[in-house]
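Below you'll find the structure, written out as structure tokens, and then a few comments.
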Amino acid sequence: MKFLSLITVLGFFQISFAQNPIIQTKFTADPAPMVYKDTVFLYTSHDEDDAFGFKMKDWLLYTSTDMVNWTDHGVVASLKDFKWTDPENGAWAPQVIERNGKFYMYCPMPGQRGIGVLVADSPYGPFKDPIGKPLVKNSGDDIDPTVLIDDDGQAYLYWGNPNLWYVKLNEDMISINGSIIKDPSIAKVKGSPDPFHYQEGPWVWKRNNQYYLAYASTCCPEGIGYAMSKSATGPWEHKGMIMDSDKRSNGNHPGIIDYKGKSYVFGFNYNIGKQTMSKHYERRSVCLSEMKYNADGTIQKLPFWNPEGVKRIATLNPYNRVEAETIAFSEGLKTEKMTEWERNNPYDTGKKITDRIVVSSINNGDYLKVQGVDFSKGTKSIDVSVASMNGGTIEIRTDALDGPILGTVKVTGKAEGDIFKTINAPVKNIKGVHDLYFVFKGEKDLFYFDWWKFN
């Protein structure tokens, strides 16, 4: 799972660790970013580790305020939240949007059961089914929902493979207003030319009074094409490709936002899975690129998911508690949810003490990286929260995987994987903005890592 890019600098080679794909601890696909209160909320579908074809049961959430460090919040919703569908497989591409302080998640249902909707009072959930039935049940095209709330308050739901469909939503966002319409400008007509090469995965947004429709284009492999319109309901005019297809990647699914003065396009590739497996499996990984517009509103074409990712746009405060699952890049690690109960008795657990998302599967040589840590106050020591299985050490290095050691945390104890303890260790004084590498050393199954904080 190690991605390296060699960059020639002043006549010598400098090793730079790539940032795409942006999530390495799970297989993720179908990115659905949402900006809310200065934070990017990235909802994704989730390919299981043993997926051969599509094996997808739930949806995940990641957040960032700097576009490089992404915090894992675990499963935010699942097929089990819909009592009327198959809970075992089919949690495909979702999208979440906020309206009047509530958050609406639109989800395709497996087995042509339509498109469902969940609602929450917080972007972190919990999400619940408010209607107990499909919001839309129209045809076999009922996948990949995307939603737009226009400036006049009218909301639209779009979806479809291989056709594009849309319908107006009422202000409650959980009921439709009027008839479902098959978009005539993109409709597949037998024998007619298809300048759009529309396939699936629509994403609709508005910018400077122009409407945009991005989509996975041609199958397979799929690139990202786009069209523009003067209306939310078309007609759409094909404008070209945001990104050409690439034989290294089978599918694609765009998600596009503006954030802190920049525009970004999300999608996915198969790079992490292909580090260890030679054949094709649907084990995908979300990627990210900065996107730029021309003066006339058209979009500049991008190369296929450059490994460097995007530039950091903010810094991270190390004097606040930082969740260990806040990661810019990692190797060999997983993340998982752990629940601590008052009693360890399956028949009487007592009260729930807390839920944690932790870094797990930590073995010798694994590491995680965080970018842009601002040590404005200097450093004396570090606190880490860990639960030890066999023990080990954490080497904290600056600016490179083999960079100077800032400090070393010794984790002692065995068979304590369900008991989290805070360990304090001295570190050298450092100032300025630095990248940090937490490098793990030991024999096997070292410990779970919950959070860290500098003093």
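The values are calculated or read from the model by the stated rules, or taken from the named source; none is laboratory data. Values in this document were obtained by computation on a predicted structure and should not be read as measured data. Glycine also receives a Cβ, built like all others from the backbone with ideal geometry; neighbour counts cover every protein chain displayed. Heads up: the accessible areas ignore ligands, DNA and RNA and are worked out on the full protein's heavy atoms, side chains in. Shrake-Rupley method; radii C 1.70, N 1.55, O 1.52, S 1.80 Å.
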Length gained, GLU342-ARG248, 0.36 nm per residue minus C-alpha separation, equals 29.0 nm
Check: C-alpha center segment 279-357 vs C-alpha center segment 158-185, spacing in Å is 31 Å
Filtering GluC sites (Glu not before Pro) in segment 78-186 by DSSP loop and by at most 16 other Cβ atoms within 10 Å leaves GLU88, GLU171
Among [x] 53; [y] 68; [z] 59, the entry matching percent of Cα pairs over 28 Å apart as calculated here is [x]
Residue-normalised 222 nm signal for the chain, counting each DSSP H run of n ≥ 4 as -39,500 (n - 2.57), nearest 500 deg cm²/dmol, is 0 deg cm²/dmol
The orientation-averaged projected area of the Cα convex hull of segment 30-155, in nm², is 8.4 nm²
The size of the Cβ-based charge dipole (Lys, Arg +1; Asp, Glu -1) of the chain about the Cα centre, to the nearest 20 debye, is 520 debye
Burial-style ranking of 70-80, 397-407, average other-beta-carbon count within 10 Å with highest first, yields 70-80, 397-407
For segment 284-333, the percent of all C-alpha pairs falling in each 5 Å bin, from 0 up to the bin holding the max distance, is 4, 12, 18, 19, 17, 13, 8, 6, 3
By the mean-Cβ-within-10 Å protection proxy, highest first, 229-237, 161-169 rank as 161-169, 229-237
Among trypsin sites (Lys or Arg not before Pro) in segment 342-381, those in a DSSP loop whose Cβ has at most 16 other Cβ atoms within 10 Å are ARG343, LYS351, LYS377, LYS380
Looking only at lysines whose Cα falls under 27 Å of LYS301's and that sit 8 or more positions away or on another chain, we get LYS188, LYS206, LYS230, LYS239, LYS247, LYS260, LYS262, LYS274, LYS292, LYS311
The extension gain from ILE419 to GLU237, computed as 0.36 nm times the residue separation minus the Cα-Cα distance, is 59.6 nm
Other residues with Cβ under 15 Å from the Cβ of PHE454 give, with Lys and Arg +1 and Asp and Glu -1, a net charge of +3
The alpha-carbon center of segment 65-96 and that of segment 369-427 are separated, in whole Å, by 31 Å
Once amide hydrogens are built 1.01 Å from N within the peptide plane, the residues lying 5 or more places from GLY201 or on another chain with amide H under 5 Å from its amide H are GLY160, ALA216
Between GLY378 and residues 5 or more places away or on another chain, the pairs with built amide H atoms under 5 Å apart involve GLY432
Rh (Kirkwood, all Cα-Cα pairs) for segment 389-455, Å, reads 12.9 Å
Quotient of Cα radius of gyration and Kirkwood radius for segment 143-301, i.e. Rg/Rh, equals 0.98
To the nearest 0.05, the calculated FRET efficiency linking ASP296 and LYS410 through their beta-carbon distance, R0 being 60 Å, is 0.50
Once Lys and Arg are counted +1 and Asp and Glu -1 for all other residues with Cβ under 11 Å from that of ASP144, the total becomes -4
The answer for chymotrypsin sites (Phe, Trp or Tyr not before Pro) in segment 342-402 that fall in a DSSP coil and have at most 13 neighbouring Cβ atoms within 10 Å is TYR347
For the pair LYS137 and ASP50, the simple spin-label estimate (label points 7 Å beyond Cα toward Cβ) gives in nm 3.2 nm
Lone Cys, the chain, Cβ cut-off 4.7 Å -> CYS107, CYS287
Residues other than TYR36 with Cβ under 12 Å of its Cβ, Lys/Arg counted +1 and Asp/Glu -1, net out at +1
Over the chain, with neighbouring protein chains present, the accessible area per residue in Å² at probe 1.4 Å is 43 Å²
Sorting ILE419, THR146, THR85 by the position of each Cα along the dipole of the chain (Lys, Arg +1; Asp, Glu -1; all at Cβ), the one nearest the positive end of that ordering is ILE419
